[in-house]
1. Identify, from the list A:V100, A:V85, the residue that is closer than 29 Å to A:K40 by Cα and of a type in the set (V, I, T).
2. I'd like the full set of residues that are more than 19 Å from B:V473 (Cα to Cα), at pLDDT below 95 and out of contact with any Gly (no Cβ under 9 Å at 6 or more places or on another chain), limited to the range B:389-424.
3. Got a sec? Which of B:F23, B:F53, B:F27 is buried (at least 23 other Cβ atoms within 10 Å of the Cβ) and touching a residue at least 60 places away in the same chain (Cβ under 8 Å)?
4. Check whether at least one residue in the range A:120-140 is at pLDDT below 90, more than 19 Å from A:F172 (Cβ to Cβ) and at the interface with chain B (Cβ under 7 Å from one of its Cβ atoms), and report yes or no.
5. Taking the criterion of being of a type in the set (A, V, I, L, M, F, W, C), touching an Asp or Glu at 6+ places or on another chain (Cβ under 8 Å), closer than 27 Å to B:L868 by Cβ and part of a helix (DSSP H, G or I), would at least one residue in the range B:994-1016 satisfy it?
6. So how many residues does the range B:805-826 have that are more than 16 Å from B:G650 (Cβ to Cβ) and among the hydrophobic types (A, V, I, L, M, F, W, C)?
7. Of the conditions (1) in a loop (DSSP other than H, G, I, E, B); (2) more than 22 Å from the chain's Cα centre (by Cα); (3) within 8 Å of chain B (Cβ to nearest Cβ), A:A67 satisfies every one except a single condition; which number is it?
8. Could you look through the range A:141-164, keep only residues that are more than 11 Å from chain B (Cβ to nearest Cβ) and out of contact with any helix residue (DSSP H, G or I) (no Cβ under 7 Å at 6 or more places or on another chain), and pick out the one that is modelled with the highest pLDDT?
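The values are calculated or read from the model by the stated rules, or taken from the named source; none is laboratory data. In this text the structure is predicted, and so the values were computed from the model without any measurement. Here Cβ is always computed from backbone atoms with ideal geometry, including for glycine, and neighbour counts include all displayed protein chains.
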Amino acid sequence: MLTIQNLSKTYPGGVRALRGVSLEIPPGMFGLLGPNGAGKSTLMKILATLLEPDTGSAKLGDLDLVANKDETRRLLGYLPQEFGVYPKMSAAQLLNHLAVMKGIDNAGERKEIVEGLLQQTNLWDVRKKALGGFSGGMKQRFGIAQALLANPKLIIVDEPTAGLDPAERNRFLNLLSSIGRNVVVILSTHIVDDVRELCSRMAMISNGELLLEGAPGQAIDAMKGRIWTKVVETDAERNAIEKSFSIVSTHLIGGQHEVRIYSDSTPGDGFHGTDADLEDVYFLNLSRHQAAAAKPH
Amino acid sequence: MFWHFFMFELRLRMRSISTYVFFLIPFTMMFFAVSVEDFGPIPPGKILVNGPFALFQCYLDLTAFGAILIAAIFGPAILRDFHQDTYQLLFTKPISKFAYLGGRWAGSFVTAVFVFSGLVFGGIVGTFMPWADRSRLAPVHLLWSLQPFLSVTVIQIFFLGALFFCVAALTRRLVVVYLQGVALFAVYLILLAVVVATNRLDRFWPSIFDPLGIVLRDNITRYWTVAEKNTQLVGWHGLFLYNRLTWIAVGVIALVLTCVLFPMSAEVLGARGSSRRALAARKIDEAEKASRPRFAPGARQVERSFSGWSLIEQIASMTKMRFFNITREVVFWAICLCMIALVMVNGRFAGDANGATVWPVTYLTLSVVSGSSGLFLFIIAALYAGELIWRERDVRFEQIHDSLPLRDWSDWLSKFFALSAVEVVLVSIVAVCGVASQAFNGYFRFELTQYAKELYLVYLPQLIMVVFLALFVHTLVSNKFVGHAIIIGFFILIPVLYRYGVENRLVLYGEITPYTYSDMNGYGHFVKALFWISSYWLFVGAFLSVLAIVLARRGADLSWGNRMRLARPRFAQLIPAALLFLAAAGTCGAWFYHNTHVVNVFRTAKETRHRQAEYEKLYKKYERAPRPKVTAVDVSVDIYPERRSFEGSGYFTLVNKSGTPIEEVYITDGQESVDGIRFDRLAQITMRDSKHFYTTYKLAQPLAPGETMRMDFRVSKEQRGFKDGNERPELAYNGTFFDRDYFPFVGYNTNLELDNPARRREEGLGPLEELAPRGDPYYSNVNLFSPDADWISFHALVSTSADQVAIAPGYLKREWTEGGRHHFEYDMGDTKIANFYSFLSARYAVKRDRWKNVKLEIYYHPGHEFNLDKMMEASKNGLDYYEKNFSPFQFDQFRVLEFPRYRGFAQSFPNTVPYSESIGFIERMKKPDDIDLLYFVTAHELAHQWWGHQLIGSQTQGSNMMSESLAEYSALKIMEHRYGQEMLRKDLRYELDRYLRGRGGEVRHEPPLVLVQREPYVWYSKGSLVMFALADYIGEDKVNEALRNFLMKNRYASGPYPDTRGFVAALREVTPPEYQHAITDMFESIVLFDNRAVSASYVETPDHKYKVTLAVKGQKRQADGSGNESPMAIDDYIDIGVFSGPSKDHMKPLYLQKHHITQEDTTLEEIVDEKPTYAGIDPYFKLIDRNPEDNVIEVEKKK
């Protein structure tokens, strides 16, 4: 269990990236959802020992991640949001090197593990190629391979699917899902589907604050029967709806605008009910939070 | 459109801070060059540091080294669009190629001109600094700044900029631009090395094709006198014009090529850059798609460890990775290849030291290969320190890297190890290059242990110190380029600090004490100092690295606040290491300090000069005070080579020859070696100034005129511990050589006076006193070489360690071993000698021979047998010639003794010639027409036994030429008889070069030969030239007759001593009237010719002979001491020659006659039997000609 308490971080420029975030993260996949700039990466970097929080603590069991960085790093598998590689090394070389760094000192064992990971991540056939020639997806899979090295107890993957094509993304999510159940895996993303497909639990943060925490199913259940849709023809029509209801999202479907609204009761007037999904949870929470933030305190 | 791009480029540059940083570089360099003594290339003397020549030279040098700035300005102008991928936006718009390229180029050009205008502004601002030496500054003269700026710097910017721009535009890769820069520079250095090493005096073509102008400058201004250097600009004519036009043309061609070949389309440009990458990616993709998906094996337990062996393995893995990061770079190998090329080329010339060829012995080869690799190894250390420190951040791997379970110090250590390993590999490459170049040179005595010692124990630690520093700086500084600038600045600062009197090497990072390897003495007494100072700096470096580890970047927050926060726990952890290194550095430093500052007195160069100046100020008043003269020296000297010490005692017999009673005796103890003095009568020390090595003794009973007195003394020099440089070269474990300087000197010693005018000004002294004029009543009676004696008798007991031989002048009377020491007794008997004696001791091998009744001996270092026979031959030929032509040899023996190369001369003591190991013992004549310097030097020193040990002049103007010029003439004569005219002419051509260059560097004023004072270029080079010219006019026998007459008349004269008035009279006596004025010109004035062949053609006559028509110009000028010239009417007999032969170096005379030339332009016709190829005036440069290259031209067939 990873316990995060009251974490805050303000950057030297005055940007408050985290404002007293507290979270309980059980083993298994945990999704961290939020728009760009919400503070996800900051939180991840703090957990990955790359940043010092201003206040608060993060503990994995008894281990204080902030105070005891050396210990933390030994348990950690980290895939940053953006990373490069040494362009002239091959995947196998770099992975082997990282395995040494992660303390796998038995050469035979190391070889086995590295080769296993290369196969798992489907990089086996290109293992001897220079990393400089890898495509985005391959590089991303290499990233996950290195994050999985040496059985980490805490795996942090920051926006891993950004920029992947659907097939790549699929393969990538499959891989993530194969990670053992007793490991804490934190997956940050701004893609709702990632969380829906993978995570048993999730949290949403925006503007450095925690909006919601729980199982995706629960959150969806809470909205059951409260999401309504309507296809609108004109902007005027849309504006009219906006005045009387809280719009969750507007989608283009076949060139027409479909408006989804949240309403406890039937809005009538051409709306019909629909199943709530995680995206609705996401958008609704975001817009409520923004509305709250816009109000003068 | 053009205007738009131009202004865009210019605005961009003018907003960029780098432009102003670049500006500051030439500005600062020039500022210091003008305002600070010794910073610039102009040696202290009379040349104005802001005069036209000085500015020309500074601009040229700084622009040459500023080529890197030019690359940095022009390269990015075009690469920027490709790095930022803006080219796609740009080239899809309708813009013309000319506007785009031209605008970018012109903008860069203006920027570069602005940057280099720092030269002009720096120089001008420097002029007004209060600390600048006023006497070497002229008022600001804009033309002197602007003309060279335009003709050197701006043109350089133009064509180098065009070249760099061209390469950048056509390859669009920054790496290639840098590589090109490095490669050009290396090629230039290589060609320069070749040009310098071949040592040809005719450098016409190298001058024309010299892009940076170093050879060009030398060729144009080498013979400029001080007056010319202070008034004359390098004008747009001749060589300079051709060179500039050549390179402007190169620049234009580069620009045209750029414009023609640059593909102005986003498609082509994009495709080329990314096609390779895309192709590679596609291949990988395909390979991957073909593979089957695999399923994850269950997670398994793994053994993990982070200490002990695993830790070592981790560091090793990291080191290996970083090592390959460096060595897989193309740039790295390009730098290496350049280094290897330069090392090999320079290694090829390792034996071409100072114009003569010597065997490329290991110490010479080592100094050449390590010297030429130094810059590269330094660049690699500094450059890759930056790359390593920033590596993860540059490739954006830092987040993964920094969250690895690594200790803070193991990451840093791996960087240090990797870079050190790279340096070790490179140093090994240098070693291989050294051995290879020795082999290529046909020298197979590889001293591998010496290679190992020099390269791995002395050289490598210095590189490691640079590695430490560079890693430290790059860790601290948050910008790579600022880091590089700091490191470069640091290494520029060190010599500046040193010049400013910070000579304590404990405070100059990475500086080690200077040392010299000698075949005789090995690393000898330098070992201890080297060990301690190297250890000291390595520990300081290690301490710096602890600080660097503490402050190393880790994580995402690089603010200083956060770094300090991270530093605290790290520092706590590393305190033991920090303390250990600090303590070790402290111990080594303290021991070094103790030895260099406590056990030995430490004096900066300035302090030493100050003492000399004070000595002069305080005691010059005693210069002419009556002093007793030494008539006999009897000493006993015990040399302890293993301690680098000696002790001696003995006595001088002093006689009052002055005519007045002497009450006070003054003793100068210049080497601080005199322990005690006792007279044979009561004497009281009335003044002892040990700071200025001067003591006054008042005799209880004055020494009456003609009376004799005995003065006993004890002397010793004990070399304790070690020094920080300035080790006495006289004392060595093997190869001790010291002379009478270590014995008391009676009276004030003018030799201790400072002679450099700038240094004298610094000390508030007036100009150095000129030597007394000839006939000066006081100095006519003073011996030129030893004012405290006339002629002496000499007896010495010398002892040394059992395995060494000790030598002093005199005949060996006795040799015995007693108490484990080797004793010798030397006695000069009745033969009087000059008061000039030496003591040597070493483990010698001896070669013996005999000439008539004279014993010939060479004491040499075993292994240096190369030239012993030739040395013997030179001695015999010399004895033959000098006895036959001058006078009998006064001794029964002649000995040559080798001494370590800490000093590089040979010196003639009575029947004893110490001869440095560096100048002859290892000579090698590669080609039969190489000048045989060994033969010449041996003959020269032998000739001093006549000119210097039989004939000594008075201490007045001109007397030096009677020893040096005559020894030079004598030696050249026997060389001519041994090797023929060819070699002699070649040698004289170099003498002419040395003379003309010498007068260009004169710091006081140039005297005519017979008034020479302290000007070696006059007494050696001009002396040889005019003595030979005279012999050519009146005949060798006539000159020798005059010399013999003069010598016999003045042999052993002891007051009044002869001077050059008598010498000139002796010459005039044997010279026919038509050449009398030549004596005036050559000996008594400074006269220069500028003879030139204007045109030459031939027609074949009906009887198959060739009629040559030759037009020549003869000009003659008289110069004053500063080099101001005034025309003189020509009225001289000058050689006119017509030659056959393939080149100017191999000409066979068909006609060679002296013609009486009386007007500037003369046209002559001669008939010769063979087809002529060359003709000219004074073809063998017998006269002093400022432009000897144009004396001979090709003969053309007349149409």
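1. Values: A:V100 fails: closer than 29 Å to A:K40 by Cα.
On inspection, the qualifying residue turns out to be A:V85.
2. B:H401, B:L404, B:L406, B:R407
3. Values: B:F23 fails: buried (at least 23 other Cβ atoms within 10 Å of the Cβ); B:F27 fails: buried (at least 23 other Cβ atoms within 10 Å of the Cβ).
Result of the check over B:F23, B:F53, B:F27: B:F53.
4. There is at least one residue in the range A:120-140 that is at pLDDT below 90, more than 19 Å from A:F172 (Cβ to Cβ) and at the interface with chain B (Cβ under 7 Å from one of its Cβ atoms).
5. no
6. Count: 4.
7. (3)
8. In this case the residue turns out to be A:E159.
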